[in-house]
Amino acid sequence: MFLASAHGSIEAAPLAHAILAGDRAALARAITLVESRKPEHQEKARRLVQLLMPHTGKACRVGVTGVPGVGKSTTIDTLGANLCGAGHRVAVLAVDPSSTRTGGSILGDKTRMARLSADRRAFIRPSPSSGTLGGVAAKTRESMLLCEAAGFDVILVETVGIGQSETAVADMTDFFLVLMLPGAGDELQGIKKGVLELADMIAINKSDGDNRPRAIAAAGEYRAALHILQPASAHWSPPVILVSGLANEGLDILWANIAEHRRRMEAAGELALRRGRQQVRWMWTMIDNGFRARLGSNAEVRALVGDLEKQVAAGETSPALAAEQVLHALGS
């Protein structure tokens, strides 16, 4: 059982111990802590993550994206259940769209993932994206580390799939899976080149039954599109496969590809390099966020920014000069 201080707040060390012991309630509370925007909670969250860092890094981190309706949640539910049945412990960080006006979230992933929700070897955590670029919750990285420390060896991150910037999830996972719908044509034309460049694998979902012929045709189109792109790694060419999350077809092949990708990346030393680069980029993201937080907390700087925005919009001050004035004010 984790301990509280005299003020009723959770202390980092006992909470870390409870997480390492596999306490699911402690894990849930810890994720709530890292998601909190309160300064005192953020400080404790940083200490907690630092304590748990030596116990992280062993899990397979998989990002899953695709347009709404492609069947992400169903596929993750079936794949996760298969993995749990094979002895894995699976954590799903499902990021739901937040209201742009209220910041609220549907958070319905536990309903859509009925099989995993009932499995004690699985842990599902829906989190509001809160408008974060790419639809990925701001604290998903820390949540992944907490789940790894709790003993989950497969982390699946389901993105909103709003098409803004999948770079965010690709930059925090080891493997980036893009789910597509059968039928090339219009669907292929609507794919952003950037998504194909990020993909470690494309899986045509809902490829069972009458959809099979269209799925086969679509797979050929996607393979042709990938063929003209330079692979991100000399050790891996992104495959295109057919799956059905609902019918549980092709998911064994899907996971076999993920496992083979990890084997190759580890053997070439690319996995460690990729994660190292991700950590450095995340550091700079946190620095940028810190500067923005300081802008909002300093009344004088906030007023200066407001005036400068008006001057820039009116063409009276250049953006470069305005930015320099804001940075100078922050440093003074």
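The values are calculated or read from the model by the stated rules, or taken from the named source; none is laboratory data. Keep in mind the model is a prediction, meaning the values are calculated, not measured. We place every Cβ from the backbone using ideal geometry, glycine too, and count neighbours over all the protein chains shown. Surface areas here come from the heavy atoms of the whole protein model, side chains and all, with no ligands, DNA or RNA. Shrake-Rupley method; radii C 1.70, N 1.55, O 1.52, S 1.80 Å.
Here segment 251-332 is assigned +1 on the Cβ of each Lys and Arg and -1 on the Cβ of each Asp and Glu. Its dipole about the Cα centre then comes out at about 400 debye. Once the Cβ-Cβ distance between ALA224 and ARG292 is put in as r, and R0 is 45 Å, what FRET efficiency do you end up with, to the nearest 0.05? Between ALA224 and ARG292 the formula returns 0.60. Accessible surface area normalised per residue over segment 189-322 is 61 Å², counting heavy atoms of protein chains with a 1.4 Å rolling probe. Annotation: amide H of ALA94 within the under-5 Å range of ARG125, SER127, GLU158, sequence separation 5 or more or interchain, hydrogens built in the peptide plane. Note on GLU260 and ALA323: their simple-model spin labels are 4.4 nm apart, each label 7 Å out from Cα toward Cβ. Rolling a 1.4 Å probe over the protein heavy atoms leaves SER297 with an accessible area of roughly 90 Å².
Here the Karplus curve 6.51 cos²θ - 1.76 cosθ + 1.60, taken at θ = phi - 60°, turns the phi angles of segment 284-301 into couplings of 5, 4, 5, 5, 4, 5, x, 4, 5, 5, 5, 4, x, 8, 9, 4, 5, 5 Hz, with x standing for Gly and Pro. The length gained by stretching the chain between ALA25 and ASP210 to full extension, at 0.36 nm per residue less their Cα-Cα distance, is 62.2 nm.
The 3J(HN,Hα) values that the Karplus relation (6.51, -1.76, 1.60; θ = phi - 60°) gives for segment 28-38 are, in residue order, 4, 5, 5, 5, 4, 5, 6, 7, 5, 9, 6 Hz. Gly and Pro appear as x.
Placing dummy labels 7 Å off each Cα toward the beta-carbon, the span from ALA118 to MET283 is 4.7 nm. Once all protein chains are placed together, LYS206 keeps about 80 Å² accessible to a 1.4 angstrom probe. Between THR32 and ASP307, the simple spin-label model (points 7 angstrom out along Cα→Cβ) gives 4.4 nm.
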